[in-house]
Amino acid sequence: MSAADGRALRAAVEARLPLAESLFDEIRAASAAEAGVTRPAWSAEDHFASERLADAAGALGLEAAYDHAGNLYCTLSGRDRSAPAVLTGSHTDSVPTGGHYDGLAGAVAGLIVLAAFRDIGWQPECDVTAIATRAEESVWFGIPFIGARLALGSLSHDHLDSLTRSDTGRTLAEHMADLGLDAGALRREDAPRLSPANACAFLELHIEQGPVLVAAGAQVAVPTVIRGNVRWPGASCHGRYDHSGATPRDHRQDTVLAVAELVQGLEAFWIAQEESGEPDTVFTVGKFFTDGAHHAMTKVPGRCDFTLNFGGTSQAFLDACRAEVETRVDEIATRRRVAFDLGECVGAPPAPLDTALRAVLEEAAEAIEIPTQSFATVGHDAAVFQRAGIPAAMVLVRNAHGSHNPDEAMTLEDFGAGAAVLAAAIARLAA
Ligand SMILES: [Zn+2]
């Protein structure tokens with residue numbers, strides 16, 4: 001694509017921002033909560049978002065179709081329809097009272113890019129498909145990326161009946177049936193799937209969920225790697241409830257002090273790892289609580305529940321975290337006369353994004369004079385595509401106030417810059 005063509009494509013994307021704005025506004029109105037938006041996976045609110053995107057695709061003369069899991073595919077047909085397609089997109093579900101653009105920005109961006117291609121009269125060599133996936137957020141069925149994993153065939157069908165939605169208690173299959181989807185079709189061996197045979201790339205635009213782009217004064221990033229993690233989602237510490245005034249220190253089995261010592265020790269470990277050069281690490285204790293049915297100001301706490309969540313870009317770091325937790329727990333339990341039950345340990349390895357696709361994105365951005373940053377990011381559908389053998393990369397768009405909250409704030413101008421980079425990269429890949 002020549003420099004003039006690149007500029008024309010960028011202008012065509014910007015000319016479609018009013019369509020993006022109206023899609024954002026209508027979908028926001030349909031999923032407004034007491035604060036922010038709530039679009040539970042496979043809910044009526046989530047389905048409205050997909051239907052609105054499908055309607056817009058139809059109005060643009062694009063093909064629009066659902067798979068058996070309810071993922072939406074809007075396609076601009078290529079000259080060679082048998083060639084592996086270039087895919088883009090993101091998810092439509094949100095966390096409860098979450099932000100509007102987490103996921104939806106990427107689903108809308110795909111459509112805007114296809115509209116821009118039509119507007120300039122460009123037909124790709126292969127199909128270009130904008131996907132709106134379901135259930136990327138783990139809050140609804142306990143695990144993330146369900147829609148993408150069903151599309152790729154990388155989720156056991158047992159989950160259709162075993163996973164229940166956190167707000168309704170009903171199964172995944174039941175929620176799919178509500179929307180007229182045939183969960184049974186997913187169980188068939190010959191169910192159609194996305195694979196390297198029919199898809200050559202997946203590019204996901206997503207809001208940045210941290211503060212880096214705002215701090216750097218930049219609009220767009222091309223992330224390097226999706227952090228892996230090691231997590232204990234249901235850990236607990238067990239001691240003994242005693243009278244707070246009558247129990248001397250050497251008779252106490254205080255679980256709050258035990259978990260507090262563990263957490264402080266793990267923070268010190270984390271800082272030491274960072275200072276020794278380990279890049280892009282995170283550590284979070286998102287839950288830490290005593291039992292409301294038993295706790296009191298005047299009782300030594302006999303039980304404390306907590307979660308541990310480490311993230312990093314190297315498997316060696318994540319392995320070290322696991323060993324550190326196990327060592328510290330044993331030592332603290334003996335000295336403080338408590339017992340730890342760490343429960344299940346879960347995790348995902350780091351997923352480096354595709355080097356060649358990242359280069360295409362960076363070169364495409366440079367050609368249309370949009371500077372990019374690069375840093376690690378968090379779990380997204382793109383990691384699932386990458387692990388399934390479909391090369392994947394991402395475009396992050398500046399967004400103030402983080403995400404998973406009602407205050408996230410992406411400007412339409414920044415969205416346009418991200419979508420222009422996406423369009424320019426797809427134009428190279430599908431030419
Ligand atoms: Zn997201």
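The values are calculated or read from the model by the stated rules, or taken from the named source; none is laboratory data. On a predicted model such as this, the values are computed, not experimentally measured, just so you know. Because the Cβ atoms are built from the backbone with ideal geometry, glycine has one as well, and the counts that use them run over all protein chains shown.
Which one of Arg134, Arg165, Arg170 is within 16 Å of the ligand (Cβ to nearest atom), among the charged types (D, E, K, R) and assigned by TED's automatic domain parsing to the domain that holds Ala83?
Arg134
Give just the number: which of (1) crowded, with 19+ Cβ neighbours inside 10 Å; (2) out of contact with any Gly (no Cβ under 8 Å at 6 or more places or on another chain); (3) over 26 Å from Gly147 (Cα atoms); (4) at pLDDT 95 or above does Gly6 not satisfy?
Failing condition for Gly6: (4).
Could you grab me the full set of residues in the stretch 176-194 that are surrounded by 14 or more Cβ atoms within 10 Å (Cβ to Cβ) and closer than 30 Å to Ala423 by Cβ?
If the condition is that a residue be surrounded by 14 or more Cβ atoms within 10 Å (Cβ to Cβ) and closer than 30 Å to Ala423 by Cβ, then Arg193, Leu194 are the ones that fit.
Answer yes if at least one residue in the stretch 367-385 is away from the ligand (no atom under 16 Å from the Cβ), closer than 20 Å to Val86 by Cβ and polar (S, T, N, Q), and no otherwise.
Yes, the conditions are met somewhere in the stretch 367-385.
Pick from Glu261, Glu208: which is among the acidic types (Asp, Glu) and within 16 Å of the ligand (Cβ to nearest atom)?
Sole residue among the options that is among the acidic types (Asp, Glu) and within 16 Å of the ligand (Cβ to nearest atom): Glu208.
Could you grab me the full set of residues in the stretch 113-139 that are of a type in the set (Ser, Thr, Tyr) and modelled with pLDDT of 95 or more?
Thr129, Thr133
Scan the stretch 128-156 for residues that are assigned to a strand (DSSP E or B) and either free of Cβ contacts under 8 Å to residues at least 24 places away in the same chain or touching a Phe, Trp or Tyr at 6+ places or on another chain (Cβ under 6 Å) (or both) and report the count.
Of the residues in that region, 2 qualify.
What about Leu87, is it touching a Phe, Trp or Tyr at 6+ places or on another chain (Cβ under 6 Å) and either in a loop (DSSP other than H, G, I, E, B) or in contact (Cβ under 8 Å) with a residue 12 or more places away in the chain (or both)?
yes
List every residue pair whose Cβ atoms lie under 9 Å apart, where the two residues are 6 or more positions apart in sequence or sit on different chains, the first residue falls within the stretch 6-20 and is basic (Lys, Arg), and the second residue, located anywhere, is surrounded by fewer than 15 Cβ atoms within 10 Å (Cβ to Cβ).
The qualifying pairs are Arg7/Glu369; Arg10/Glu369.
Just to be sure, is Ala383 in the same structural domain as Glu21 (by TED's automatic domain parsing), under 21 Å from Val95 (Cβ atoms) and assigned to a helix (DSSP H, G or I)?
yes
Please work out which one of (1) crowded, with 23+ Cβ neighbours inside 10 Å; (2) within 16 Å of the ligand (Cβ to nearest atom) is the condition Gln219 fails and give its number.
Among (1) crowded, with 23+ Cβ neighbours inside 10 Å; (2) within 16 Å of the ligand (Cβ to nearest atom), Gln219 violates only (2).
Where in the stretch 258-375 are the strands (runs of 3 or more DSSP E), entirely inside, with at least 2 residues that are touching a residue at least 12 places away in the same chain (Cβ under 8 Å), farther than 30 Å from Ala393 by Cα and not β-branched (Val, Ile, Thr)?
Here the list reads 288-290, 303-312, 339-341.
Out of Gly106, Gly110, Gly153, Gly142, which single residue is modelled with pLDDT under 95 and either outside the structural domain of Asn405 (by TED's automatic domain parsing) or closer than 26 Å to His401 by Cα (or both)?
Just one listed residue meets the conditions, Gly142.
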